[in-house]
Amino acid sequence: MCSFLIYPRLNLNIFISATSISASCLFLTATVSNPYIIAGLTTVLYTFPLILADTLLSHNTPDTFLHPLQPACTRLFTSFPHSPSHWSIDPKYLNSSTFLTSAPSNLTSRLSTFQVFLHLLSALTTDHNVISKHHCPQRFLSLNTGTNTLSHHTNEASLYIHWPYCLKRCTYCNFNKYIPRGDNSALVTKSLLRETETLLKLSQVSRISSVFFGGGTPSLAHPSTVSAVLEMVSKITALSDKAEVTLEINPTPAAKDALKDFKRAGVNRFSVGVQSLSEDHLRTLGRDHSPQDALRVLAEARSLCPGRVSLDAMFALPGQSVSSWEMELSELLRVCDQHVSLYQLTLERGTQLFKKVQSGELSVPSDDVTALMYQSARRALEEAGFQQYEVSNFAKNSAVSEHNIGYWKGRQYIGVGPGAHGRFVPCAEGGFQREARTQTLEPDVWIREVQSHGHATRRRIKLDHLDLLEEVLVMGLRMSGGISHQHWEFFSPQNDLHQIFGSSADIQELQAAGFLILDDEGLRCSWEGLALLDSLLPTMLLELERFLHHRGFRKTQSK
């Protein structure tokens, strides 16, 4: 208790309370036998005075993600020298309202944090699972999520692996992809493994929920690359045998021949880039497969992973009409499995297709015709038994993309490979804020940086409160179910959806027009509104920023 001597403002009552709690820890340590409980109790015994002092004397700006107890709680679960390196408290013991408020402004409210510690100490004597290993210390302070378990947001992440190479560049594509100058697949694989190991250890997640191999053309990689990555993941963290492992497939004859090997390597879901069943459209897009190739790959993929094959198709292509699109979609629905992703062609500046349209060599459908194509496709898919669960995605029998749902629900994800993006908390560095991370784009440079540093993170941005809520809003509204109140509460426990959007005249206008729904379930777009999401979002983002500004939040400037 000598650490209290440096805090003269602490009064006798506080000192007695702290002494009582520490004495309780000492007594319990002597009466229990479980080593993890002993380690936890001893840690509280050693660090609680410091925690109390920090709590009483800190005056942080209100921030639901950076509670004033946070630094102290870090010490609580990392300072004990003989305990496992990472501890966290089971979420069911963190239902105290103390952890759902911003920084308390007076001594009385700060003292209410005693209730949390007393509750935890009581739980320690009756439930040996209250303290668990291998979790990032920050999870002690994670917000109460109701039925949304903390594992979806803090203890786990999804993993994206980017294979950067293609045999040719499609005319519409501006993705980060390269034509290989030689066979360096072994070196790329080695670098993918090392960066996977580095970033997984940096995140300290206890579970990977899904893995997605994208590109580029990841089906150009050797199946052994896939199996090696999955083995690396399993060595570092938990990867369930039932975890969704998706591989993007360019439907060429060579890819068809490799499907069985990819399945044996651990892939259990294929995403097939059919794009079109029109020979002319495939030629215009610069694709290197034929409609017959696509049909054969689809059939083979469905035989290997029945119910877990996604078909990608594009619309609003040059020369396409509503009627020709409807005929093509009808053909696609006859050969697809239980998942369809529809993407409107976007003319990206600098691509071959953009230049041809700009010069007048090709023409694309107008915005009105494109909108008719989209609505027609939605109706056709619904009639075929598909449920739209996101702006561009449709599934039968709940065969949704679990990996992509993680993005739309604001969960952590780790991006590995040239140009890959990630959103996670770098716990191994003592971080508590989620970061937006981007890996080096160019493969050769990426390889050199991975060899030198273990990873090639080129850009990292700490996401503040507004950044996080903007992402939750933008991504969540892409889903047909929208954003539930429980989901929003996880990220914004102090300000619910009704408070932020309910009294806004602009939002009320969107509701009156039938585009937006805000009710007891949450916030979501109507059937009509989902098609207009891009035009609705600026109004909603402005309202969110305005609300937080009025509550005293100021956007972080140094990024």
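Here, each number is a calculation from the coordinates, and none is a lab measurement. These numbers were taken from a predicted model, which means no experiment stands behind them.
Considering amide H positions built from the backbone, and no H for Pro or chain starts, which residues 5 or more places from Tyr165, or on another chain, come under 5 Å of its amide H?
Residues meeting the criterion, in which the H sits 1.01 Å from N, are Tyr178, Thr217.
Provide the per-residue ³J(HN,Hα) series for the stretch 486-493, in order, calculated from phi with Karplus coefficients 6.51, -1.76, 1.60 and θ = phi - 60°, each as a whole number of Hz, with x at glycine and proline positions.
4, 5, 5, 4, 4, 8, 9, x
Quote to one decimal, in nm, the extra length available between Cys173 and Asp519 on full extension: 0.36 nm per residue of separation minus the C-alpha distance between them.
Values: separation 346, 0.36 × 346 = 124.56 nm, distance 4.00 nm.
Once the chain is fully extended between Cys173 and Asp519, it gains 120.6 nm.
Counting DSSP beta bridges in the stretch 156-409, what percent are antiparallel, to the nearest 5?
Beta bridges within the stretch 156-409, antiparallel portion: roughly 20 percent.
What are the ³J(HN,Hα) values, in whole Hz, obtained from phi via the Karplus relation 6.51 cos²θ - 1.76 cosθ + 1.60 with θ = phi - 60°, for each residue of the stretch 371-381 in sequence order, with x given for Gly and Pro?
So the J values, rounded to whole Hz, are 5, 5, 4, 5, 5, 5, 5, 4, 5, 5, 5.
Relative to the present Cα-Cα distance, how much length would full extension add between Asp367 and Val335 at 0.36 nm per residue of separation?
8.7 nm
Quick one: what are the phi-derived ³J(HN,Hα) couplings along the stretch 191-201, Karplus 6.51/-1.76/1.60 with θ = phi - 60°, whole Hz, x for glycine and proline?
Using θ = phi - 60°, the values come out as 6, 4, 5, 5, 5, 4, 4, 4, 6, 5, 5 Hz.
May I ask what percent, to the nearest 5, of DSSP beta bridges between residues of the stretch 284-416 are antiparallel? Kindly include the intermediate steps, with their values, before the conclusion.
Numbers: 6 of 12 bridges.
Antiparallel bridges make up about 50 percent of those DSSP assigns within the stretch 284-416.
Is the stretch 156-409 best put as rounded, prolate or oblate by its Cα gyration tensor, with a ≥ b ≥ c the root eigenvalues, rounded for a/c under 1.5, and otherwise prolate when a/b is larger than b/c, oblate when not?
Note, shape of the stretch 156-409 comes out prolate.
List the residues, sorted by chain then number, that are 5 or more residues from Ile249 or on another chain and whose placed amide H is less than 5 Å from its amide H.
Residues meeting the amide H criterion: Ser271, Val272, Gly273.
So, in Å, what gap is there between the alpha-carbon centers of the stretch 423-442 and the stretch 517-541?
The stretch 423-442 and the stretch 517-541 have Cα centres separated by 30 Å.
List the residues whose amide H sits under 5 Å from the amide H of Ala513, counting only those 5 or more places along or on another chain, with H placed 1.01 Å from N in the peptide plane.
none
Looking at the P(r) of the stretch 226-370, how many percent of alpha-carbon pairs lie beyond 20 Å? If you can, show how the numbers build up before the last one.
Details: 5580 of 10440 pairs.
Beyond 20 Å sits 53 percent of the P(r) for the stretch 226-370.
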